[in-house]
Each structure stands twice: as structure tokens, then as C-alpha cells.
Amino acid sequence: MTNYSEFFNPEKEMMSRQQIEDLQLERLKQTLHNCMNSSFYKKRFDDIGLSPEDIKTLDDLRKIPFTTKQDLRDTYPFGIASVSLRDCIRLHSSSGTTGNPTVILHTKKDLEEWANAVARCLWMVGARPEDVFQNTSGYGMFTGGLGFQYGAERLGMLTVPAAAGNSRRQIKFITDFGTTVVHAIPSYATRLYEVMQDEGIDPYKDTKLRILAIGAEPHSEEQRKRIEEMLGVKAYNSFGMSEMCGPGVAFECKEQNGMHIWEDYYIVEIVNPDTLEPVPDGEIGEMVLTTINREAMPLLRYRTRDLTRIIPGECPCGRHHKRIDRMKGRSDDMIVLRGVNIFPIQIEQVLMKFKELGSNYLITLQTDEVNDSMTVEVELGKLFTDDYTRLQKLTKEITSQLHDEILLIPHVKLVAPGSLPKTDGKAVRVKDLRKHFC
Ligand code: AMP
Ligand code: ZN
């Protein structure tokens, strides 16, 4: 019989700041020791005359150079490993748009710890062994599949590996199996609701859904509220990335006010992406993570490219693990249009405030004659009228609110429900058709 209390272990989850930092230093030292078995890190340290013994405090971490995605590509496939392949039992790989994919190796213990982290997250938001958990992530290399699978099984839930897509079948599983907890990316959660509407299924009456873990792509608070209202659930933000194992890195608690990052697994830094200097708590910067609980392939000061901030202050839940804010996006997602920096999430925030609109939208950037421009296409909600005057008024209002937010005037097009492209994976929100003149 599993000891379920291991998923809420106050000794780990409720540690004081001092206890967290003591544990971090101890684990960091052990990690650095392991890293000297990695030809990549050994050379990195030797090149700058650094030795693991030079790291005596957590602040000394800053002496260590950053690790980047390019480093993972350059050492593809196994060049960063700190153990022999014989000790590894799984790998995950994420395909990049250019060059080699990245590979992350795992030992048996790494996979155990990963499953424990995901189980801890799910337990924190109220999932229990009596629950039925359905995972709508793609399986295979995408870590949202196996990551949630093993975490949910570890917790003891009846786990349905439904995998991505086929919404009608997903909904049949939800109703037939009495699914109570679902993991879905936010764009897919809204899609499920739309298909439920088509099928005449009322999530409040016809399903037992109560908890949703949503993550893997940026989404606004407005989007979360919509999802909660549509499906009659509590939706909790979940952050993960393949380089850090996958899901289970940071997760919201029941307070829903930022994601606790598990500091017994990771050391988090937020740096200015240009100067790479640390920024104070509360300020947005690039998140940099160091794994301190991994054997096969520890990563030191990994530049995630994700922009967020540490939320200052204590969480009322009593956990002292730092909280990171909803992701603003990746630094590579930032749109620079006519000199103005815009994140797609700023546009989503405005759109989702309009009850008349659906949840799917697409931002297209193009070059008209000489100037670059932006078109925002957004689907109307299913019940909205096609009264021309009302549509015109609505378009005007959306344009004006977007102008206030992004300081540029986009072309806004309201389109029929279901007419924008859909993907089974992460939503594609931006199409850049601009001609780049040199
Ligand atoms: P992958 O390695 O394919 O799982 O992708 C990881 C990336 O997904 C992260 O670096 C983030 O850019 C994004 N991501 C994951 N979780 C979230 C989240 N909760 N909110 C926003 N973006 C996320
Ligand atoms: Zn909390």
C-alpha cells in the first residue's frame, strides 16, 4: 500500500527559507561534483579555472557560466551526460526549428523524482487517489505525456492516457469514465468545450470534472477564468520544460496566485536578458534554472528564455518555495513591430475580456507596401449575432482597447466560430509574413 502522505510531505513542502537554502547548497555541491563527470562541464570549468570547491555559498553560483540551448545542440546527443549511458533508462528529445534537436537523459532515480514532483503538484491542488485523471497531452517525446502519466499514477489515480486530439473521443472518455482531473494545454481546453457544445454536453451536468492542470503555453488570467467558467472546474497553471524534465517544475497552489517553483529540485534566478545581471524580486526578466536533484544530466544555470518574475512576499498557503508569475512569453516570442515590443499575451488579455468573442485568435504580421502592419483575427463566440452594426461597434471597441495596450492600431477582423486553424499541440498565435529588407 502506497504511503500517500509522501505527496504532501510537510518536511519538504513547508520548509522554511533557511531550510530550503541549506538543502539547496548541499544539493548544489553534490551536483557540481557529479558534473565533473560530464566532459562538457569539466572542460567549461577547466577553461575558466573554476573548481566545484570554489562554490561555497549559493551566491557563488554566479561564478558558473550559463548553459544554453545551443550548448545542448552542440553536444548532441549525449555530450553533457554526467553518467554513463548504461545508467540511463530513458531519453526525451525536443525538436528545434533549426539544427540538432536537444536530448535529455534520465536515470531510474531521475524518473522517480520527476514522478514524485508531478504527484506533489497534483496533490497540492486537491487530486486524490479516488480521482480519475485524463491526460490530453501528446505522448512520446513530448514530456507532458509520460510526465503527467507517471506523476498521476504515482499519486494513485486511475490514469487515462488519452493522448492528444480526437476531441469527441476525449469527451466520451470524460463522461464514460467519470474523469475528474484533466491535463490539457489551455488552447485545447477551450477546444474541448467547443466540441462539448456541438455534442450537446453540459460540462456542469454531464461530467464530473473538477480540476484542470493547464500549462505548456502562455495564457492570460482572463483565459484561465474563461476555462474555469466554461468547464466548471478550478484550473491551475503548470510550468515545465523538457530540459528541466518536463511538467512538475512549478505549479500553482490552491491560492492561484503564482506558481511555486520546487526549490528542492531547482535553483531559480531571474536575470536581465541583455546584461545577464540578476534583477530584484518583482521585476520581469529571463528565468535561469539549475537542476540540483538530477543524476544523468544536471544543467547548470540553464537559460530558459522564458520571461517571468518572482512574486515578492509570502503565499497564504504557507509554502516558502518561491512563486513565479504567469509567463509573459519567451524572449524569442516578442514581436517587434515598427519599433514597438509586443507580446502576444498582451493581445490575448484584451480579447478575452470580451464575452462576445471565442477563445481562438491569430496575429498576422505583414508588409503593406513599405510599412509593416498587424492583423488580429479572432473568432466570435457561438451565440453572437451577425448583426452588422453590432459587429462594427464591437470591432471598433476591440481595436481601441488593443491600441491602448500595444500602442499600435491593428486591423481587427471578427471571424466565424471554428474558422481559424487548430493544432493538436501548442497553439500557433503568430504568423509573420513580413518581408525583411536588408
Ligand atoms: P517543451 O520543452 O516543449 O515542453 O516546452 C517548454 C516551454 O513551454 C517553456 O520553455 C515555456 O516557453 C512554455 N511553457 C511551459 N509551461 C508554460 C506555462 N505554464 N505558461 C507559459 N508557457 C509555458
Ligand atoms: Zn501557495
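The values are calculated or read from the model by the stated rules, or taken from the named source; none is laboratory data. Since the structure is predicted, the reported quantities are computational estimates derived from the model, not experimental observations. Every residue, glycine as well, gets a Cβ built from its backbone with ideal geometry; the counts of neighbours run over all protein chains shown.
If the requirement is being under 22 Å from Ile20 (Cα atoms), within 15 Å of ligand 1 (Cβ to nearest atom) and touching a strand residue (DSSP E or B) at 6+ places or on another chain (Cβ under 9 Å), which of these qualifies: Leu300, Leu289?
On the way: Leu300 fails: within 15 Å of ligand 1 (Cβ to nearest atom).
Result of the check over Leu300, Leu289: Leu289.
Report those strands (runs of 3 or more DSSP E) wholly inside the stretch 65-147 carrying at least 2 residues which are away from ligand 2 (no atom under 16 Å from the Cβ) and surrounded by 22 or more Cβ atoms within 10 Å (Cβ to Cβ).
Correct list: 102-107, 132-135.
Name the residue that is farthest from ligand 1 (Cβ to nearest atom), counting only residues in the stretch 213-236 that are part of a strand (DSSP E or B) and in contact with a Pro (Cβ under 9 Å, 6 or more places away or on another chain).
Ala235
Specify which of the listed residues (Glu217, Glu199) is charged (D, E, K, R) and either surrounded by 15 or more Cβ atoms within 10 Å (Cβ to Cβ) or not assigned by TED's automatic domain parsing to the domain that holds Gln149 (or both).
On the way: Glu199 fails: either surrounded by 15 or more Cβ atoms within 10 Å (Cβ to Cβ) or not assigned by TED's automatic domain parsing to the domain that holds Gln149 (or both).
It is Glu217.
For the stretch 259-276, does any single residue satisfy the condition of being within 12 Å of ligand 1 (Cβ to nearest atom) and crowded, with 20+ Cβ neighbours inside 10 Å?
yes
Regarding the stretch 296-317, can at least one residue be identified that is in the same structural domain as Glu243 (by TED's automatic domain parsing), in contact (Cβ under 8 Å) with a residue 40 or more places away in the chain, part of a loop (DSSP other than H, G, I, E, B) and touching a Gly at 6+ places or on another chain (Cβ under 9 Å)?
For the stretch 296-317, residues in the same structural domain as Glu243 (by TED's automatic domain parsing), in contact (Cβ under 8 Å) with a residue 40 or more places away in the chain, part of a loop (DSSP other than H, G, I, E, B) and touching a Gly at 6+ places or on another chain (Cβ under 9 Å): present.
So Pro247 clears everything in (1) touching a helix residue (DSSP H, G or I) at 6+ places or on another chain (Cβ under 7 Å); (2) more than 16 Å from ligand 1 (Cβ to nearest atom); (3) part of a loop (DSSP other than H, G, I, E, B) except one condition, right? Which one?
Result: Pro247 passes all but (2).
Is the stretch 83-100 home to any residue that is among the acidic types (Asp, Glu) and under 15 Å from Ser38 (Cα atoms)?
Yes; the residues of the stretch 83-100 include at least one that is among the acidic types (Asp, Glu) and under 15 Å from Ser38 (Cα atoms).
For the stretch 319-377, name all the residues that are among the hydrophobic types (A, V, I, L, M, F, W, C) and assigned to a loop (DSSP other than H, G, I, E, B). Explain how you work it out, then say what you get.
Of the residues in the stretch 319-377, the ones among the hydrophobic types (A, V, I, L, M, F, W, C) are 324, 327, 334-337, 340, 342-343, 345, 347, 350-352, 354, 357, 362-363, 365, 370, 374, 376.
Passing the criteria: Met327, Met334, Phe343, Met352, Phe354, Val370.
Among the candidates Leu91, Leu105, Leu61, which residue alone is within 28 Å of the chain's Cα centre (by Cα) and without any contact (Cβ under 8 Å) to a residue 60 or more places away in the chain?
Leu91
Within the stretch 244-258, can you find the residues that are surrounded by fewer than 23 Cβ atoms within 10 Å (Cβ to Cβ) and not polar (S, T, N, Q)?
Matches in the stretch 244-258: Cys253, Lys254, Glu255, Gly258.
Would you mind finding the one in Lys355, Lys328 that is on the phi < 0 side of the Ramachandran plot and surrounded by fewer than 16 Cβ atoms within 10 Å (Cβ to Cβ)?
Lys355
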